[in-house]
Amino acid sequence: MHKKLFLSAAVSALLLSLVAIGIAQDKSVALTGVIVDKMCSARVGKAADVMAAANGHKKGCALSDGCQASGFGVFSDGKFYEFDAKGNELAKAKLTESKKDTGAKFKVEGKLAENKLAVTSITELE
């Protein structure tokens, strides 16, 4: 009797944790921050003031062949969120359109899954 009760409780706990993990891995987010290429993100992420370093990252660097090929992400609240393939395309287009050489702020919307942001839209903020 006790074994069945324990087994039932263990299975229920396992199912609940799997549901919670599934929900957490598919979280819709709207982030505001600075788009930086993945290659430079490691250097920016090590700065004493991450957001100041991200703001100082030049658009020309991000759009250079090597940096662009590494992909993009957004620094928001001191953390780097890597983009999926669609996000990389949108980021390239938005950086190209931006009139700012440094410090352009963007609102990035998408779903956060497995440490990557599946981007649905990117909008430059004033």
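Only alpha carbons enter this Debye calculation for segment 28-124, each as an equal point scatterer, and the log10 of I(q)/I(0) it gives at q = 0.12, 0.17, 0.18, 0.22 Å⁻¹ is -0.29, -0.61, -0.70, -1.09. Farthest toward the positive end of the dipole of segment 28-124, out of A118, G71, C61, is the Cα of C61, where the dipole comes from beta carbon charges about the Cα centre. Extension gain, E89 to C61, is 8.5 nm, computed as 0.36 nm per intervening residue step minus the present C-alpha separation. When the Cα centres of segment 99-117 and segment 28-63 are compared, how far apart do they sit, in Å? If you average the Cα positions of each part, the centres end up 10 Å apart. Here's the picture: a label point sits 7 Å out from the Cα of A52 along the beta-carbon direction, and within segment 89-126 the residues with their amide nitrogen under 18 Å of it are 102-104. What net charge is computed for the residues neighbouring S64, neighbours being all others with C-beta under 14 Å from the C-beta of S64, Lys and Arg scored +1, Asp and Glu -1? So the environment of S64 carries a net charge of +1. With a simple spin-label model that places each label point 7 Å from the Cα along the Cα-to-Cβ direction, the separation between K100 and D77 comes to 2.0 nm.
When the P(r) of segment 84-126 is calculated, the portion above 16 Å amounts to 35% of the C-alpha pairs.
With the simple model of a label 7 Å out from the Cα in the direction of the Cβ, E114 to S28 spans 2.2 nm. Backbone phi angles across segment 78-90, fed through the Karplus curve with coefficients 6.51, -1.76 and 1.60 (θ = phi - 60°), yield HN-Hα couplings of x, 10, 9, 10, 6, 8, 7, 4, 4, x, 4, 5, 5 Hz in residue order; Gly and Pro are listed as x. Protection proxy ranking, highest mean first, for peptides 70-79, 56-65: 70-79, 56-65, where packing is the per-residue count of other beta-carbon atoms within 10 Å, averaged.
Bear in mind that the values in this text are calculations on the coordinates, not laboratory data. Quick caveat: nothing in here was measured; it's all calculated off a predicted structure. With ideal geometry, Cβ positions are generated from the backbone for all residues, glycine too; neighbour counts draw on all protein chains shown.
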